[in-house]
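*Asks:* Supplied in structure tokens, the structure appears directly below.
The values are calculated or read from the model by the stated rules, or taken from the named source; none is laboratory data. Just so you know, these numbers come straight off a predicted model, no measurement behind them. Ideal geometry is used to build each Cβ from the backbone, glycine not excepted, and the neighbour counts take in all protein chains shown.
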Ligand code: ADP
Ligand code: MG
């Protein structure tokens with residue numbers, strides 16, 4: 001060993017590690033799933049790099065993962081001959097957390113172990129889950145294309161830091177060695193490891209091998225014979241009837257880097273002019289970087305089973321950026337580069353078909369499983385709403401899927417659809433009314449609502465900043481214009497009776513003088529002062545002209561420096 005140094009973990013890593021190790025993990029065995037998942041990713045990356053540079057295969061072209069164990073030494077080792085890591089990669093990948101949402105995630109932690117363990121599960125701690133069972137972890141790695149003398153040796157007890165050194169390593173790829181304490185001895189067992197692999201990693205498309213079980217009378221010194229443990233074929237290529245729910249769920253955890261199960265999935269084998277397979281998932285929980293510019297994960301693109309790239313821009317529009325999964329094309333060229341995805345007609349046709357599948361699924365969910373749909377809306381409604389502006393071609397379908405709070409039940413949980421609203425419209429009511437505000441309570445207490453309450457007219461409550469965008473792009477639904485309660489003239493006249501109309505005219509006359517004086521006093525600050533019939537309890541309120549931006553939009557623009 002040379003150039004040995006001791007380094008500290010990034011503070012976030014330390015925090016996560018101690019939380020993870022001390023939170024009682026009901027499901028310790030997932031450490032193996034995570035290590036196998038990383039090994040499989042590393043192999044995918046090598047296969048892709050080798051398309052351009054075959055020399056990277058060296059003399060070792062059969063890509064595989066091996067899991068071995070030694071009950072005496074109490075170790076479990078996961079080895080891959082994938083892309084490998086150099087010294088900088090190791091420091092970067094195993095000493096820091098690159099997730100852009102990490103800080104916000106850590107701020108959410110409460111100190112309540114059970115709740116935090118749940119959150120950590122969602123965050124997905126990948127490699128570090130090794131420390132749930134191991135008291136010490138060693139990593140040996142050599143990056144593809146690098147000389148054997150530049151191998152890396154990393155070791156840590158998962159406390160404050162790690163040691164890193166340069167070592168000779170003839171084999172390309174990575175070995176992770178777990179040193180188990182006596183209490184975790186159970187994992188040094190062939191049967192147990194096989195069953196964990198079959199349970200969580202059967203969907204992994206590269207071969208996972210373990211030493212064959214030997215009968216006692218063979219020579220102990222003999223090198224182990226390796227046997228295949230998983231099915232080693234791409235799960236998404238199999239017919240749907242041959243895939244279990246568990247397989248689908250485990251593949252999701254691998255491709256999405258998520259510890260929890262997906263909400264639903266769509267699996268399609270597409271034949272014809274363009275052949276491809278898509279397996280798309282809608283997660284249960286938003287990822288931590290949902291609002292970041294550059295999300296870490298997206299859709300994995302394969303060409304004839306070769307992993308090409310993880311795409312976060314071309315295969316899904318922004319408003320569906322939470323969708324995860326795999327697209328495997330038969331027709332794209334293997335040498336397609338990331339840049340070429342942008343203007344590729346095959347990619348855009350896969351994209352529009354995928355969007356359609358997601359919208360179809362959401363429609364069915366909304367109709368048949370309203371509770372599941374409510375879960376979806378809770379997790380992704382805010383992002384999904386962006387679709388009204390982003391995807392004009394699907395605007396009607398997207399609008400049908402929107403959910404709002406309203407004055408009908410005044411629940412903060414948005415569960416009113418535009419169709420629900422229309423079904424409850426009063427006779428003579430022509431518009432869909434909404435109120436925007438900074439919060440649900442502010443909206444609910446808006447003086448603008450008084451007249452609507454009086455007439456029993458329902459109003460949608462829009463408390464979210466993105467709602468201003470939404471209504472700016474959705475001027476009508478099902479032939480009915482959307483109208484802000486705070487803008488311009490009300491046309492509730494058709495709902496008022498004759499007596500009421502006369503009374504209004506009298507009032508307007510009576511207060512003409514007052515309005516004039518107020519107008520003079522306020523001068524430039526207002527465009528007009530007039531008698532309102534909107535209010536029942538409040539003496540006055542501000543309204544926005546019919547063609548002006550809403551108040552919330554004005555606040556957005558002001559905040560943006562306009
Ligand atoms: P994730 O897989 O979600 O990126 P992990 O914590 O599981 O997060 O892994 C962190 C990073 O360490 C990976 O993104 C990868 O760059 C690197 N890594 C882990 N295991 C391996 C491996 N076997 N071969 C190469 N790189 C690896
Ligand atoms: Mg991982």
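*Asks:* Would you check which residues across segment 275-296 are in a loop (DSSP other than H, G, I, E, B) and in contact with a helix residue (DSSP H, G or I) (Cβ under 6 Å, 6 or more places away or on another chain) and list them?
*Replies:* 285, 286, 288
*Asks:* What number goes with the only condition from (1) within 30 Å of residue 287 (Cβ to Cβ); (2) surrounded by fewer than 17 Cβ atoms within 10 Å (Cβ to Cβ) that residue 430 does not pass?
*Replies:* Of everything listed in (1) within 30 Å of residue 287 (Cβ to Cβ); (2) surrounded by fewer than 17 Cβ atoms within 10 Å (Cβ to Cβ), residue 430 misses just condition (1).
*Asks:* Shifting gears a bit: Given the criterion more than 24 Å from residue 362 (Cβ to Cβ), within 16 Å of ligand 1 (Cβ to nearest atom) and surrounded by 15 or more Cβ atoms within 10 Å (Cβ to Cβ), identify the matching residue among 288, 307. Outline the logic, then answer.
*Replies:* Values: 288 fails: more than 24 Å from residue 362 (Cβ to Cβ).
It is 307.
*Asks:* Oh, and also: Which one of the conditions (1) on the phi > 0 side of the Ramachandran plot; (2) more than 10 Å from ligand 1 (Cβ to nearest atom); (3) modelled with pLDDT of 95 or more does residue 57 fail to meet, given that it meets all the rest?
*Replies:* Among (1) on the phi > 0 side of the Ramachandran plot; (2) more than 10 Å from ligand 1 (Cβ to nearest atom); (3) modelled with pLDDT of 95 or more, residue 57 violates only (1).
*Asks:* Against the conditions (1) within 16 Å of ligand 1 (Cβ to nearest atom); (2) within 30 Å of residue 334 (Cα to Cα); (3) out of contact with any helix residue (DSSP H, G or I) (no Cβ under 6 Å at 6 or more places or on another chain), where does residue 63 fall short? Just the number, please.
*Replies:* Residue 63 satisfies every listed condition except (3).
*Asks:* Given segment 342-418, what helices (runs of 4 or more DSSP H) lie entirely inside it while holding 1 or more residues that are in contact with a helix residue (DSSP H, G or I) (Cβ under 7 Å, 6 or more places away or on another chain) and free of Cβ contacts under 8 Å to residues at least 40 places away in the same chain?
*Replies:* Details: elements: 345-368, 370-384, 387-390, 395-401.
The qualifying helices (runs of 4 or more DSSP H) are 345-368, 370-384, 395-401.
*Asks:* Now for a separate question. From the residues in segment 252-263 that are more than 14 Å from ligand 2 (Cβ to nearest atom) and either at pLDDT below 95 or part of a helix (DSSP H, G or I) (or both), which one is nearest to residue 361 (Cα to Cα)?
*Replies:* Residues of segment 252-263 more than 14 Å from ligand 2 (Cβ to nearest atom): 260-263.
Adding the requirement that they be either at pLDDT below 95 or part of a helix (DSSP H, G or I) (or both) leaves 260-261.
On the way: 260: 20, 261: 17 Å.
Among residues in segment 252-263 that are more than 14 Å from ligand 2 (Cβ to nearest atom) and either at pLDDT below 95 or part of a helix (DSSP H, G or I) (or both), the one nearest to residue 361 (Cα to Cα) is 261.
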